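Here the structure comes first, spelled out in structure tokens, and everything after it is commentary.
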Amino acid sequence: MISLRRRFFAEALGTFILVLFGLGSVAAAVAMGAFQGLFQVAAVWGLGLTVAIYTTGAVSGAHLNPSITIALALFKKTPWKDVPAYIAAQFLGAFAAAAMVFLLFAPALTKYEAENGITRGAPGSEATAMIFGEFYPPPGGLPVEESQRVRVPWAQAFAAELLGTALLAMVVFGYTEKRNAAAPGALTPIAIGAALTVLICLFAPLSMAGFNPARDLAPRIFATLAGWGAVPFSFNGSGWLTVYVIAPILGAPLGGLVVRILWK
């Protein structure tokens, strides 16, 4: 049995890799115009997940997501006593990745804000805070007008995160089910990364496709500390909690339940 200390380190490292790839792609797209279209950013997220799983999966199982960890515990695939350590590691890795992305892109980000009249921490700075936390409707690198908010009400954003996380969990549980003769085997990390890419392409226009409380909340806290003030937590009201924390935590067990019913 691998020690919990080693699994903690692996889980923190894996989440760091995932979030570094993902936030880095968003930062490059927003601050430097480095990507053309949603698919390219989504593909980097998917590749980041693949790299993270291949790097750390043999040590910690590469949950990389509190909602997946909780779902695995509910279905007795992970001991409940390990859950707090796993979630702490995931938040630590995501926070460190957010700090690294900020350090790497700080000059470009400052220049982008100056050129577009964005004052960090003021209303409208969700345009750049979106590099770290998620919002609905997605700012797309520009301040969101009040009239645009009707495009994605709370219910649609909540449903997107709930369903998206459920589908991601179905992929994770289904691809790793030992009785599944069609499972991709050694290519499972690639298959899961590809699934995440597709899910982001589908759901990001609604909620930015978080599906992961650690990926969202830890960078959101970092953004608050790095100058965006209350904006990351005030733009959607309580949506930061209900949409980006509660919905994924509810969604992952639903996906696991579907696979359990399928194979029982």
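The values are calculated or read from the model by the stated rules, or taken from the named source; none is laboratory data. The model shown is predicted, which means the values in this text are computed figures rather than measured ones. When we count neighbours, we look across all protein chains shown, and the Cβ atoms used for this are built from the backbone with ideal geometry, even at glycine.
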With criteria (1) buried (at least 19 other Cβ atoms within 10 Å of the Cβ); (2) in contact (Cβ under 8 Å) with a residue 60 or more places away in the chain, Trp154 comes up short on (1)
Taking only pairs six or more apart or across chains, which ones have beta-carbon atoms under 7 Å, a first residue in segment 96-122 that is among the acidic types (Asp, Glu), and a second residue that is at pLDDT 95 or above? Glu113/Arg120; Glu113/Thr128
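So which of Ala89, Ala108, Ala129, Ala94 ends up being surrounded by fewer than 21 Cβ atoms within 10 Å (Cβ to Cβ) and among the hydrophobic types (A, V, I, L, M, F, W, C)?
Every option except Ala108 fails the conditions.
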Note on segment 199-216: residues out of contact with any Gly (no Cβ under 8 Å at 6 or more places or on another chain) and either in a helix (DSSP H, G or I) or surrounded by fewer than 17 Cβ atoms within 10 Å (Cβ to Cβ) (or both) are Cys201, Ala204, Pro205, Leu206, Pro213
Tell me whether segment 154-164 contains one or more residues that are closer than 13 Å to Phe235 by Cα and modelled with pLDDT of 95 or more. yes
Over segment 221-245, the set of residues crowded, with 17+ Cβ neighbours inside 10 Å, within 17 Å of the chain's Cα centre (by Cα) and touching a residue at least 60 places away in the same chain (Cβ under 8 Å) is Ile221, Phe222, Ala223, Pro232, Gly239, Trp240, Val243, Tyr244
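Any idea which of Pro213, Pro205, Pro219 is out of contact with any Leu (no Cβ under 7 Å at 6 or more places or on another chain) and farther than 17 Å from Ile249 by Cβ? Working first, answer last.
On the way: Pro213 fails: farther than 17 Å from Ile249 by Cβ; Pro219 fails: out of contact with any Leu (no Cβ under 7 Å at 6 or more places or on another chain).
On inspection, the qualifying residue turns out to be Pro205.
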Would you mind telling me which numbered condition in (1) at pLDDT 95 or above; (2) of a type in the set (Gly, Ala, Ser); (3) over 18 Å from Val41 (Cβ atoms) Ala194 fails? (3)
Quick one: how many residues across segment 64-86 are in contact with a helix residue (DSSP H, G or I) (Cβ under 9 Å, 6 or more places away or on another chain) and either crowded, with 24+ Cβ neighbours inside 10 Å or closer than 20 Å to Tyr175 by Cβ (or both)? 15
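If I ask for residues that are among the small types (Gly, Ala, Ser), assigned to a helix (DSSP H, G or I) and either on the phi < 0 side of the Ramachandran plot or within 16 Å of the chain's Cα centre (by Cα) (or both), which ones from segment 158-185 would you list?
Kept after step one, since they are among the small types (Gly, Ala, Ser), are these residues of segment 158-185: 159-160, 164, 166, 169, 174, 181-183, 185.
Restricting the remaining residues to those that are assigned to a helix (DSSP H, G or I) gives 159-160, 164, 166, 169, 174, 185.
Within segment 158-185, Ala159, Ala160, Gly164, Ala166, Ala169, Gly174 meet the criteria.
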What about Gly61, is it surrounded by fewer than 23 Cβ atoms within 10 Å (Cβ to Cβ), at pLDDT 95 or above and within 16 Å of Gly210 (Cα to Cα)? no
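Residues are listed down the side, and each one gets a yes or a no for (1) under 30 Å from Ala58 (Cα atoms); (2) hydrophobic (A, V, I, L, M, F, W, C); (3) in a helix (DSSP H, G or I):
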| residue | (1), (2), (3) |
| --- | --- |
| Glu113 | no, no, yes |
| Arg120 | no, no, no |
| Leu187 | yes, yes, yes |
| Ala195 | yes, yes, yes |
